[in-house]
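*Asks:* Okay, handing you the structure first.
The values are calculated or read from the model by the stated rules, or taken from the named source; none is laboratory data. No experiment lies behind these values; they were computed from the predicted model shown. A quick note on method: Cβ atoms are made from the backbone with ideal geometry, for glycine too, and the neighbour counts reach across all protein chains shown. SASA here: full protein model, heavy atoms, side chains in, ligands and nucleic acids out. Shrake-Rupley method; radii C 1.70, N 1.55, O 1.52, S 1.80 Å.
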Amino acid sequence: KQIKAAFEIITSDPAVKAILVNIFGGIMKCDIIAEGIIEASRELELQVPVIVRLEGTNVEKGKQLLEQSGLALISADNLDDAAKKAVASI
């Protein structure tokens, strides 16, 4: 619900061309965050690219969930990679 609310706020600005999510999951596990991103993206039917950089607990499981979601979510390995992919996506 928090991710959905954040995406709603971000996409309410028509100038937004992409969303870059940069998460270091220490306390909150990356797979849980990935599930939230997937759910919010599906519910909101986002029309902008979503680039996701995950790092921390259960990062591989989180990345796997993003890849298998069937959504056009772009996974990044680090913040530099995420920034480059965000720019390239617009």
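*Asks:* What percentage of the solvent-accessible surface of the chain, computed with a 1.4 Å probe over protein heavy atoms, is contributed by carbon and sulfur atoms?
*Replies:* Numbers: 3040 of 5570 Å².
Here carbon and sulfur together make up 55 percent of the probe-accessible area.
*Asks:* Relative to the longest principal axis of the chain, what angle (0 to 90°, nearest 10) does the C-alpha long axis of helix 79-89 take?
*Replies:* 30 degrees
*Asks:* If you don't mind, another one. Can you pull out the trypsin sites (Lys or Arg not before Pro) in the range 1-63 whose DSSP state is coil and whose Cβ has at most 15 other Cβ atoms within 10 Å? Let's see the in-between values first.
*Replies:* Values: sites: Lys1, Lys4, Lys17, Lys29, Arg42, Arg53, Lys61, Lys63; in loops: Lys1, Lys17, Lys29.
For trypsin sites (Lys or Arg not before Pro) across the range 1-63 that sit outside H, G, I, E and B with at most 15 neighbouring Cβ atoms in 10 Å, the list reads Lys1, Lys17.
*Asks:* Using alpha carbons only, how many degrees (0 to 90, rounded to 10) separate the axis of helix 30-44 from the longest principal axis of the chain?
*Replies:* Taking the Cα atoms of the chain, the angle to 30-44 is about 20 degrees.
*Asks:* On a straight-distance basis, which lysines could pair with Lys61 in a cross-link, Cα separation under 25 angstrom, same-chain partners fewer than 8 positions away excluded?
*Replies:* Lys61 reaches Lys1, Lys4, Lys29, Lys84, Lys85.
*Asks:* Could I ask something else about it? Rounded, prolate or oblate, given the Cα gyration tensor of the range 42-90, with a/c below 1.5 counting as rounded? If you can, show how the numbers build up before the last one.
*Replies:* Numbers: a/c = 2.37, a/b = 1.08, b/c = 2.19.
Oblate, because a/c is 1.5 or more while a/b does not exceed b/c.
*Asks:* Which entry is the computed Cα Rg over 2.2 N^0.38 Å for this structure: (1) 1.63; (2) 0.99; (3) 1.59?
*Replies:* Calculated Cα Rg over 2.2 N^0.38 Å: the matching label is (2).
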